[in-house]
Amino acid sequence: GKLGRYPPWPGKIVNPPKDLKKPRGKKCFFVKFFGTEDHAWIKVEQLKPYHPHKEEMIKINKGKRFQQAVDAVEEFLRKTKGKDQASSHNSTEERNRRNSSEERGKQSAGEEKRKASLSEGKVKKGTGEGKKRVSSVSSERGSKSPLKRAQDQSPRKRGRPPKDEKDLTIPESSTVKRVMTGTVAGFKWPPSVSEPVKDSDPHFHHFLLSQTEKPAVCYQAITKKLKVCEEETGSTSIQAADSTAVNGSITPTDKKIGFLGLGLMGSGIVSNLLKMGHTVTVWNRTAEKCDLFIQEGARLGRTPAEVVSTCDITFACVSDPKAAKDLVLGPSGVLQGIRPGKCYVDMSTVDADTVTELAQVIVSRGGRFLEAPVSGNQQLSNDGMLVILAAGDRGLYEDCSSCFQAMGKTSFFLGEVGNAAKMMLIVNMVQGSFMATIAEGLTLAQVTGQSQQTLLDILNQGQLASIFLDQKCQNILQGNFKPDFYLKYIQKDLRLAIALGDSVNHPTPMAAAANEVYKRAKALDQSDNDMSAVYRAYIH
């Protein structure tokens, strides 16, 4: 298929999957794009040298995401140059190692890399890339997971997805560091088994829990254009493109939307709902936070009850179980506005018992209920790149399609109420524990006389490399703990995850240890800082 004509975009040439044949006709290369995990075959004539065309490209592209991609290129070049200088004295030894069968395929730090650019619309936020950039999601799983390729929709043999860390070696005589413009030969993703959601954004992906007799949970994609890795168990995972890639590609629902709670997450969500043309009425406990959104076209609701009574679907995103209950059951609360047919979607991260109780009281009044906690942070919320975990009323999930497309890159439907709460707590338990481990490693490096920056560089070259790791380490190294995800909330999620383990008598010793470190950080007045401020709990 054709991706069409878009402004140029920076990228680099990498090795294609072994089973992925080149398109027939003119010579082309397999390109990975900076600021995104997307790949495509690019014709040689559509590649241009990066440096000579850099300024021209920047004039054409003004968006924030494009600037992030350019920053990723510059960071990549800076790191590569530094490594070239550091390793120049042993380049001969490197070449000998590459010739051995054990090391075949690895590239010398001194070799020049090709950079290419794709005319892809908006892409995901990128981070500075090292010589061997490790994909944060799919390439890790890819060692066991075949890549479903489009171009032929018939079943094909299993193969390996792209190994991003192995960049293509280019002969010295070849032109390197290229930037592409014009029409691109891309991928045409196979249609799903299910009917796609009407007017859905092709960059957004829904997953539905399939109740089968197999022990493994199965998800079914019901939209197109995604990278799917199917494992032996039958479960499906994806890495999706940006849901807001093409402005106006989402057809907003004609239903009136309400939104309660304009915190770090809620603010970005509402902004994206408005950008995509939804009619939104907002309410926040501290009313002044509503002003910015009123200026952007939102309507103001005086109480949660008023918002629910005047809107068809009301979303809420608040801090914890107590706030979620008070919002529904308190004076002028959600429940007072519920009548038959009214819909309530709770996006707060709470425990399963809380969300089950709220679902029962909403349904008892004739309302429809969906839980939809989100995985992400303030930046991802602003970028419309959240991952949405939904459970409850399946019809309501489908009615929320355009809203989920506006605010996220992926949504999962997990079945009955409570499932999303449990899954969300497990996800945040892993994230919170990992963050504490990062802080522990950085402080141990410091007290043993090791460079923290070097530790980060080493981690970024290994299998743990990820946007999360890089961003949180940068926060710590720069002493910048401006909240992207409040420390007090990750500690709350760890506490609830430990309680979830208690309820089924399942040990959670790692989460319990991490929880103690976060509690110490809270005692040191770090509650309203970013979760990375857990670092300060380790400073003597």
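When both residues are 6+ apart or on different chains and their Cβ atoms are under 7 Å apart, which pairs have a first residue that lies in the stretch 304-328 and is charged (D, E, K, R), and a second that is open to solvent by 20 Å² or more (accessible area, probe 1.4 Å) and at pLDDT 95 or above?
Asp312/Lys255; Asp312/Lys256
Can you confirm whether Asp399 is farther than 26 Å from Lys488 by Cβ, in contact (Cβ under 8 Å) with a residue 40 or more places away in the chain and either touching a Gly at 6+ places or on another chain (Cβ under 7 Å) or not assigned by the TED database to the domain that holds Asn475 (or both)?
In short, yes.
Could you identify the single residue in Gln478, Gln474, Gln463, Gln453 that is touching a helix residue (DSSP H, G or I) at 6+ places or on another chain (Cβ under 9 Å) and either without any contact (Cβ under 8 Å) to a residue 24 or more places away in the chain or β-branched (Val, Ile, Thr) (or both)?
Gln474
Out of the stretch 442-470, which residues are among the small types (Gly, Ala, Ser) and either more than 26 Å from Thr349 (Cβ to Cβ) or open to solvent by less than 20 Å² (accessible area, probe 1.4 Å) (or both)?
Ala445, Gly449, Ser451, Gly462, Ala465
Quick one: in the stretch 380-397, of everything that is assigned to a helix (DSSP H, G or I) and open to solvent by 40 Å² or more (accessible area, probe 1.4 Å), which residue is nearest to Val417 (Cα to Cα)?
Arg394
Can you tell me which residues in the stretch 523-540 are open to solvent by less than 70 Å² (accessible area, probe 1.4 Å) and assigned to a helix (DSSP H, G or I)?
Matches in the stretch 523-540: Met531, Ser532, Ala533, Val534, Tyr535, Ala537, Tyr538.
Could you check the stretch 411-426 and list, in sequence order, the residues that are crowded, with 17+ Cβ neighbours inside 10 Å, at negative phi and not charged (D, E, K, R)?
Ser411, Phe412, Phe413, Leu414, Val417, Asn419, Ala420, Ala421, Met423, Met424, Leu425
Yes/no matrix, rows are residues, columns are (1) closer than 25 Å to Val355 by Cβ; (2) part of a helix (DSSP H, G or I); (3) assigned by the TED database to the domain that holds Asp351; (4) in contact with a Gly (Cβ under 7 Å, 6 or more places away or on another chain):
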residue	(1), (2), (3), (4)
Ser433	yes, yes, no, no
Gln446	no, yes, no, no
Leu455	no, yes, no, yes
Asn475	no, yes, no, no
Tyr489	yes, yes, no, no
Lys492	yes, yes, no, no
Asp502	yes, yes, no, no
Pro507	yes, no, no, yes
Glu516	no, yes, no, no
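I'm checking my understanding of the structure. Among residues of the stretch 258-313 that are within 24 Å of Gln379 (Cα to Cα) and of a type in the set (D, E, K, R), which one is most open to solvent (accessible area, probe 1.4 Å)?
Out of the qualifying residues, it is Arg285.
How many of the residues making up the stretch 499-512 are surrounded by fewer than 18 Cβ atoms within 10 Å (Cβ to Cβ) and within 15 Å of Val350 (Cβ to Cβ)?
2
Return yes when Arg520 is surrounded by 19 or more Cβ atoms within 10 Å (Cβ to Cβ), among the basic types (Lys, Arg) and more than 24 Å from the chain's Cα centre (by Cα) and no when it is not. Quick ask: steps written out before the conclusion?
Numbers: surrounded by 19 or more Cβ atoms within 10 Å (Cβ to Cβ): no; among the basic types (Lys, Arg): yes; more than 24 Å from the chain's Cα centre (by Cα): yes.
No.
When only residues in the stretch 321-369 that are among the charged types (D, E, K, R) and not in a helix (DSSP H, G or I) count, which is surrounded by the fewest Cβ atoms within 10 Å (Cβ to Cβ)?
Taking the candidates together, the pick is Arg339.
The values are calculated or read from the model by the stated rules, or taken from the named source; none is laboratory data. Bear in mind that the values here come from a model prediction, so they are computed numbers and not experimental data. All Cβ positions, glycine included, derive from the backbone under ideal geometry; neighbour counts span all protein chains shown. Protein only, heavy atoms only, side chains kept; ligands, DNA and RNA dropped before computing areas. Shrake-Rupley method; radii C 1.70, N 1.55, O 1.52, S 1.80 Å.
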